[in-house]
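Data first, discussion second: the structure below is written as C-alpha cells.
The values are calculated or read from the model by the stated rules, or taken from the named source; none is laboratory data. All figures in this text were calculated on a predicted structure; none of them were measured in a lab. Here the Cβ is made from the backbone with ideal geometry for all residues, glycine too, and neighbour counts use every protein chain on show. When the accessible area is computed, the model is the full protein with side chains, heavy atoms only, and any ligands, DNA or RNA have been set aside. Shrake-Rupley method; radii C 1.70, N 1.55, O 1.52, S 1.80 Å.
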Amino acid sequence: MVEMKRKKLGEIFVSKGLITDDQLSEAVRRQGEKDEFLGQSLVRLGLVEEETLVEELSSQLRIPKVDLSSYVIDSDVVHLVSEDTCREFFLIPLFKIDNTLTIAMSDPMNLEIIDRIQSGTGFIVEPVISTETSIREAIDHYYRSTDSIEDIVQDISMESESSLTAGPEVDETEKPPVIKAVDLIISQAITDRASDIHVEPGENVLKVRYRVDGVLHESLKLPHHLHPLIISRIKILAGMNIAEKRIPQDGHIEFKAEGKEMNMRVATFPTTRGEKVVLRLLFKGGVRHSLTELGFLPDTLKKFESLISRTHGIVLVTGPTGSGKTTTLYAALDRISTPEINITTIEDPVEYELGGLNQSQINPRAGWTFAMGLRNILRQDPDVIMVGEIRDLETARMAIQSALTGHLVFSTLHTNDAPGTVTRLIDMGIEPFLVSSSVIGALAQRLVRLICPKCKEAYEPGKEFLETLGPDVGTTFYRGKGCRSCSNTGYKGRVGIFELMVSGQELESLIVEKAAPGVVRETARRGGMMTLREAGVHLIRSGKTTVEEVLRVTQDEEG
C-alpha cells in the first residue's frame, strides 16, 4: 500500500512536469541508499519544494495539511511522545480529544511508528501532514531545554568540584546534574542558532544569554548558588585553571551536537559579581558560503569578483566585530582556490578549516605574530595571502610590501566605511603613496536581520525613519509581527549589505594628496560606489528587511 502510494507520488510529479523521468530515477536511487521515503529524496535533492510535496501528499492521501505556526500545543500533549521519537520520525503531537491523539507527521503513511505510538500512549492516533522544516521548528520550540534544566536544578546539591571533572564522553545517565546542565545550555544554543553564549552572574541570579542573528536574548535564569559549579565545569572542559579567578583566561571546547563537531572559543572575565564566561560557537569544517549567498547586489558582486581575480594588490574587508568579515574572506578564497595557486593564511584564530588552503594560527606567547607570519609566508612561495587582521604598523608594512612584490593579499581592518580604510592606514604610519599603489579595493559590510517569512506583514514605519533614509525608499513596507518560528522577534536569519570602493586613478591621486575622508568618499560615490545605507534600502524595497533594521546597522556609517 505504502509503496504504491510512493510510486504514484513520483508519477504525479512527472505528469505535472515538476520533475523528469531521469530525476525521478535519481530520487528512487537515493531513496534506496538513504532508506527514506521518496518525497524526502525529492526534497533533499532539490527537485521539489517542501510545500509542493506536502500539498500533493495531502491531496493524494486525503490527509489534512496543517500550518504548525498557527498552533499552540499544550505541554502535557507534547510530552506524550518523546523528543527522540519526534526528531527521528519528524512528527509532533498537536492535540488530544477524548481518546484520539492528533499528530503532525511529514510521512503520515509510516504505519509502524503510528502503531508504536498507539501502543505506548493508549490513544488512537490520527495523522495530519506538515513539512519537515515546520515540524523541526516546532520540536525545537516545545522541547526546549528550559524545562529539563529546571528539573536538573532541583536535583543539584552543592557538590564538590571533583564531580565536575567527567569528560564529555561520559554516558548521559552517569553524568552529575551540573554537567547535564552545561550540556543542555550548549545544546539549546545550537538549537536556537546562537553564535555566542553569555554566562554571567547577576545580583541574585545566574543569567544565560544567547546571541541570535547578532542580538542578545536572555534565555535562562538560574539560582545564583550554581554560578561556581557552572563556571568551573565550563573551565574544566576548556582546559582552564579553575582555581584562577582573578584574571581572564582563554580556552576552547570541542563539542559534538546533531552529528556535527563544534569548536567553541571560551573566554572568562572577572567582574565584581564573579567570573563571566562567553563561548563563541564555531562548526568545525565551517559553514561554507559562496559569494552569491552572502547578499551582494549583482553589480557589487561583479566588481568584487573582478578584484579578487587580480594577481597582486591588497583587498581590505572592514566592519565591526561580528559583521561577517571572516565569512566574506573565506568565501572569496574559496571562489579563487584552484590547484594552480598557493593560498596561505595567518589567522587569529582559524575559525573554519578550508580544503586546499594552508592555514596557520598566530600564537603571540610563542612570538608567532601576524607580522612574523607574513615574513615567513613569503618564503612559502605564495600566490595569495590572507592576514586575519592588520592591527599594527609592522603588519601593515609587511602586507603592503607583499602586495607590491606581486602577491594578492586579503585582510581586515576596523573602520566604519570603505573609504575609511585609507585614512586608517595613513594614520597608522603608512606613506600615502604606498597606500595608493597597493590598496586595490576596500569592502565595508554589515549584517542585516531578515524578516521572518512566517509572520511577515505590511506596516507603515514612522515618518522620522523615512525622512532619515531619504526619498524613494519604497511604497510598501514589511515587518515580522513575531511568532514561534522566530521566537517572537520578527526576524529570522541575516544577510550582508556591502559598500565596495574600487581604486582608480582619481582616487589614487587623492590618497597621495592626503585628501579629507569626505572628499575620498564623495569621489568613490561618483565612481559608482553604493553606500551601506543605499544597499540596505534595496533590501527594504525587496521586502526582505525593515526600515528600523537598516537604520540600526548603518547609523554610524551615515553619521
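Of note:
- Each peptide in 480-488, 134-142, 202-210 was scored by the mean count of other Cβ atoms within 10 Å over its residues; highest first, the order is 134-142, 480-488, 202-210.
- Protein accessible area in the chain, 1.4 Å probe - carbon and sulfur %: 48 percent
- Label-to-label distance for N342 and N363 is 2.2 nm, based on points extended 7 Å past Cα in the beta-carbon direction.
- Cα centroid separation, the stretch 499-559 to the stretch 17-31 (Å): 47 Å
- Gyration tensor (alpha-carbon) shape descriptor, the stretch 186-274, a/c threshold 1.5: oblate
- Highest to lowest packing among 496-506, 221-231, scored as the average C-beta count within 10 Å: 496-506, 221-231
- Student exercise, the stretch 55-128 dipole from Lys, Arg, Asp, Glu Cβ charges, in Debye to nearest 20: 120 debye
- Annotation: per residue accessible area for the chain equals 48 Å², rounded to a whole number [probe 1.4 Å, protein chains only].
- Around L393: net Lys/Arg minus Asp/Glu count, Cβ-Cβ under 14 Å: -2
- The stretch 204-230-the stretch 389-460 distance, computed between alpha-carbon centres (Å): 34 Å
- Convex hull volume per residue in cubic angstrom - Cα atoms of the chain: 201 Å³
- Antiparallel DSSP beta bridges within the chain, percent to nearest 5: 65 percent
- When only the Cβ of Lys, Arg, Asp and Glu is charged (+1, +1, -1, -1), the dipole of the chain relative to its Cα centre reaches about 920 debye.
- Net charge over other residues, Cβ less than 12 angstrom from the Cβ of S134 (K, R count +1; D, E count -1): -2
- Here's the picture: charge each Lys and Arg Cβ at +1 and each Asp and Glu Cβ at -1 in the chain, and of T531, T20, I234 the one pushed furthest to the positive end of that dipole is T531.
- Electrostatic dipole magnitude of the stretch 188-253 [Cβ: Lys, Arg +1; Asp, Glu -1; Cα centre; debye, to 20]: 160 debye
- Helical mean residue ellipticity (222 nm; -39500 (n - 2.57) per DSSP H run of 4+; nearest 500) of the chain: -11500 deg cm²/dmol
- Measuring only protein heavy atoms, the 1.4 Å probe finds V78 accessible over about 0 Å².
- Based on C-alpha pairs under 8 angstrom that are at least 6 apart in sequence, the chain has a relative contact order of 9 percent.
- Each label was represented as a point 7 Å from its Cα along the Cα-to-Cβ direction; for H79 and D381 these points are 6.5 nm apart.
- Between Q505 and T475, the modelled labels are 4.4 nm apart [label points 7 Å from Cα along Cα→Cβ].
- Y71-D250 FRET efficiency (beta carbon distance; Förster radius 41 Å; 0.05 resolution): 0.40
- Cα gyration tensor shape of the stretch 283-424, rounded if a/c is under 1.5, else prolate or oblate by comparing a/b with b/c: rounded
- Cα centroid separation, the stretch 333-377 to the stretch 108-123 (Å): 54 Å
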